[in-house]
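Student: The structure is given below, and queries will be raised subsequently.
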Amino acid sequence: MGWLDGDSIANAIPYLERRGDEYEVDLDDLYPACGSVQELYEYYAAMQQQKGSKRDVANRILEGDWRHGLSLYQLAMVDFYHLEEHPMSQKWTAYKILPLKPPTQGADDEVLQVDDKALNVPRFHPSTFLQSLQDQVLPDIKAHYHFHRPKDLPVLLLRIFVIESPYNSSLALSNATNFTSSRTVYLAFPDGSSHIYITKSQSNGPAAAGESRSLQNLIVHGVPKALSRPRERYTLIPTSLTSRNLETLLDKRGPGRGNAAGGGWSVYASDKNKKSPLDAILPSPPLSREPSLTDQNRKRLKPLDQNQRAAKRARLIAKARFGDSGLVADGKGIEKVDILLKDPFPTATAAAEAQGHDEEQTITPGEPSTSARRRTIDAALRQAADGDEELSEPENPSQWRPTVQITFQGNHVFAGIRQLVEAGIVDGERMPGWMTGEDGVTVGVVRQGRIRGNKGSGL
């Protein structure tokens, strides 16, 4: 019924009954045409009240009121309606918009570097961005663009449907009666965020796969050019976060407080908790507070046995490691996580060093050992090298570094890991932090026990 509104009727003109002396009514027509737009609007309103099937409405649209075909505007509206009805139908990849350092004078061929310390955010206006994208980025591609804002999400969606490109000319499409989904790409611009989400077009066959990859590369390289202005250039950096759930991307790479607060740190990003780890006055732990009169008058509970104490401890550990994240019903699930381990295989020497580390804990605080100072220096060097893609530490050829790839897959990966911790199957105390989702990536490499995002970490 939105097609029959005053603003949309020009782009979705229906087939109406022609009134005249030479016009003959087709008695065999299953869907007789209406005489006016108002009459057609009232007809669909009556069908909505009768709660008919979707098949009847689709047949009426395709074979009756729009029997001569649908416009690209109508196809875009149908696609967005399908996207709202099936929010998991597209796979989104998050990119971060970062400014580039200005070039030096007299250096025309200089490769611009990313300015990580700058806080500049490009100005975004839909019509200006679209005009720049058409003129400078995609001049040899005929495409249809359509903006849409969902009702429940703070994001602006852009649908790009390629009609003709150098990979499929009008001669190649002359005999085609339908268009595949490999030439449809969605862009999502979250409100108040320096990130952008781009879908991977669905392709069937090697030809469509190559076409979709070429189209996505054009979009990834073209969006920062459309956002840039003179002496203010931007680029897109992948954040190694891919998901079919758009709410997950808004939580991990959106305008909220959860961008750098994953896993156990999520308790500080919650609106309900106003406490901060930087507060000067520490709150009293809930287990060490003095019992009140109500607690003293309460009936003494039966002491827990060993299994019950272990189950309660496992739940407390899961709460401490995951915080407010990793809940089954939070609607922020990640479907797949790929991790590559590049740490040396633990040996008997490493176990002896770990045992020696436990013995060093008995040294008095006023007499730090040389190995303790060395570990502190090594930790500082590793922290300083976090911005690099790889650690500069030389690899020991005597150490065996097996290639181990771990893949977690499911409807909600981190909620499943949290349930395993609560059940006591996974040791929550020794579990690495990247298994709680605190890094906010779905693809990463683990070195020195810490995760590093693939092709640039998100944090």
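The values are calculated or read from the model by the stated rules, or taken from the named source; none is laboratory data. Just so it is clear, the model here is predicted, and its values are computed rather than measured. Neighbour counts are summed over all protein chains in view; Cβ atoms, including those assigned to glycine, are modelled from backbone coordinates with ideal geometry.
Student: Which residues, counting only those in region 33-49, are under 39 Å from the mean Cα position of the chain (by Cα) and either under 25 Å from residue 161 (Cα atoms) or free of Cβ contacts under 8 Å to residues at least 24 places away in the same chain (or both)? Show your work before the answer.
Tutor: Within region 33-49, the subset under 39 Å from the mean Cα position of the chain (by Cα) is 41, 44-45, 47-49.
Within region 33-49, 47, 49 qualify.
Student: Now for a different question. Looking at 395, 422, 389 in this structure, which one is more than 30 Å from residue 114 (Cα to Cα) and either in contact with a helix residue (DSSP H, G or I) (Cβ under 6 Å, 6 or more places away or on another chain) or modelled with pLDDT under 85 (or both)? Outline the logic, then answer.
Tutor: Details: 395 fails: more than 30 Å from residue 114 (Cα to Cα); 389 fails: more than 30 Å from residue 114 (Cα to Cα).
After applying the criteria, what remains is 422.
Student: Restricting to region 126-166, count the residues that are basic (Lys, Arg) and either assigned to a strand (DSSP E or B) or closer than 12 Å to residue 185 by Cβ (or both).
Tutor: 2
Condition check ((1) outside the structural domain of residue 413 (by TED's automatic domain parsing); (2) under 15 Å from residue 332 (Cα atoms); (3) at pLDDT below 70; (4) in contact with a helix residue (DSSP H, G or I) (Cβ under 8 Å, 6 or more places away or on another chain)) across all residues:
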residue	(1), (2), (3), (4)
248	yes, yes, no, no
263	yes, yes, no, yes
266	yes, yes, no, yes
270	yes, yes, no, no
276	yes, no, yes, yes
283	yes, no, yes, no
295	yes, no, yes, no
298	yes, no, yes, no
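Student: Checking residue 209 against (1) surrounded by fewer than 23 Cβ atoms within 10 Å (Cβ to Cβ); (2) at pLDDT 80 or above, only one condition comes out false. Which one?
Tutor: Going through the list (1) surrounded by fewer than 23 Cβ atoms within 10 Å (Cβ to Cβ); (2) at pLDDT 80 or above, residue 209 breaks only (2).
Student: May I pose another question? Assuming residue 189 fulfils every condition listed in (1) of a type outside the set (Ser, Thr, Tyr); (2) within 20 Å of the chain's Cα centre (by Cα); (3) at pLDDT below 90 apart from one, which condition is it?
Tutor: Residue 189 satisfies every listed condition except (3).
Student: For region 313-348, how many residues meet the condition of being within 16 Å of residue 270 (Cα to Cα) and in contact with a His (Cβ under 6 Å, 6 or more places away or on another chain)?
Tutor: Qualifying residue count for the region: 0.
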